[in-house]
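Structure first, commentary second.
What follows draws every value from the coordinates through simple rules; no lab data is involved. Since the model is a prediction, treat every value here as computed from it, not as a measurement. As a convention, Cβ positions derive from the backbone with ideal geometry for all residues, glycine included, and neighbour counts pool all protein chains shown.
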Amino acid sequence: MADWPYNTSQWQRLRKAKLSASPVCHPCSLRGRAVPANTVDHVKAIASGGDPFPPLDQLMSMCPSCHAVKTAAVDKPGGDGVRFRGTGFDGLPVDPSHPFFGGDTPV
Ligand SMILES: [Zn+2]
């Protein structure tokens, strides 16, 4: 992933700031697991008109496996749009944008 904006120092600073503010994978934490994050994901993809350098609350810390799942579900053609698999302690899907909740809810 060396393409713009990931090859800029602005992104490197933003990524670092996000990982130090939120060092744990967000989807894993929804499932009650504390997994160190090493990936920072755009909540709204740049390809969908998202800000390449958004505020920290528009970024999500993720572990590599959650990021791979999310990329396949949302950023690739044929994905089902469910970014995070599984259910939380309450038995509900962990992904707020899961069709169960009736649509497109950010983060
Ligand atoms: Zn994870």
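At-a-glance table
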| quantity | calculated |
| --- | --- |
| Residues W11, W4 arranged by fewest to most Cβ contacts within 10 Å | W4, W11 |
| For V24, distant residues with modelled amide H under 5 Å away | A37 |
| Given K18/K76; K16/K76; K44/K70, the pairs whose alpha carbons are separated by over 18 Å | K18/K76; K16/K76 |
| Between region 65-89 and region 11-42, the alpha-carbon center distance in angstrom | 16 Å |
| Cβ-defined net charge surrounding C66, 11 Å radius [Lys, Arg +1; Asp, Glu -1] | +3 |
| Counting all C-alpha pairs of region 47-88, share separated by more than 11 Å (%) | 70 percent |
| For the chain, calculated [θ]222 nm from helices alone, where every DSSP H run of n ≥ 4 adds -39500 (n - 2.57) | -6500 deg cm²/dmol |
| Distant-in-sequence amide H partners of L59 (H built 1.01 Å from N, under 5 Å) | V43 |
